[in-house]
Every structure is written in structure tokens, then in C-alpha cells.
1. Please enumerate the residues belonging to segment 19-42 that are free of Cβ contacts under 8 Å to residues at least 12 places away in the same chain and near ligand 1 (Cβ under 9 Å from one of its atoms).
2. Do you know which residues across segment 36-82 are of a type in the set (S, T, N, Q) and farther than 26 Å from Gly18 by Cβ?
Amino acid sequence: MTYGGGGTVLIEALNHGGRRGLKITFEDKGPGIADIETAMKDGYTSGTGLGLGLSGAKRLSNEFEIASRPGEGTRVTIIRWK
Ligand SMILES: Nc1ncnc2c1ncn2[C@@H]1O[C@H](COP(=O)(O)OP(=O)(O)O)[C@@H](O)[C@H]1O
Ligand SMILES: [Mg+2]
């Protein structure tokens, strides 16, 4: 939320033929991320963070998707199966 300036979080329960999981979507209309590849690197931060937010979320999830446009905002979707 530090960079996005606040946004929304949507948590959805998935049940795909008995396979259960959670899909979490984070969306903001912040500055966006110009260089996603760099932002995803372990330890990279443009601020004072640990730089482990995005890379950590990817590691902890089974499916990870990030979409961002500079000046428009960022959407991160993760799915974690049980
Ligand atoms: N929602 C966002 N909007 C704009 N930039 C972001 C967003 N999330 C992450 N970033 C950029 O990606 C970098 C890495 O993010 P992250 O891994 O969460 O580390 P940290 O939050 O500790 O800086 C941030 O420093 C920032 O530059
Ligand atoms: Mg972060």
C-alpha cells in the first residue's frame, strides 16, 4: 500500500472440482511499475522496504500475475491452492 497509495483487496474462495484454494487480487490506481522485472527481484526496493513483497508473494503462491501501467496503477493476482 506504500506505493499504490491504497487500493482494494478481493479475496475469492476457489473450488475447482474439489480442489480448493484462495485467489487474492490487489488493485491500486497508484504510479504503476515501469520495470516489473526489476521490481520482482529479491531485495529490490525503490523505498525503504525489504524488497521482498512482490518476490515473496510469488514464492508463497502457486500462481502469480502482475499487471501494471505507469501512471495508471497495478494489479497483482495470486492463487494459493491448499
Ligand atoms: N503497488 C505498487 N505500485 C507501484 N510500485 C510498486 C508497487 N508495489 C511494488 N512497487 C515497486 O516495486 C518495488 C518492490 O516492491 P516490493 O517487493 O513489495 O518491495 P518493497 O515494498 O519492500 O519496496 C517497490 O520498491 C516499488 O518500487
Ligand atoms: Mg511492497
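The numbers here are math on the coordinates, done by the rules we state, and not lab data. Keep in mind it's a predicted model, so treat the numbers as computed, not measured. Note: ideal-geometry Cβ built from the backbone for every residue, glycine included; neighbour counts use all protein chains shown.
1. Within segment 19-42, the subset free of Cβ contacts under 8 Å to residues at least 12 places away in the same chain is 35, 37-38.
Asp35, Thr38, listed by residue number.
2. Going residue by residue through segment 36-82, those that are of a type in the set (S, T, N, Q) are 38, 45-46, 48, 55, 61-62, 68, 74, 77.
Hits for segment 36-82 are Thr38, Thr45, Ser46, Thr48, Ser55, Ser68, Thr74.
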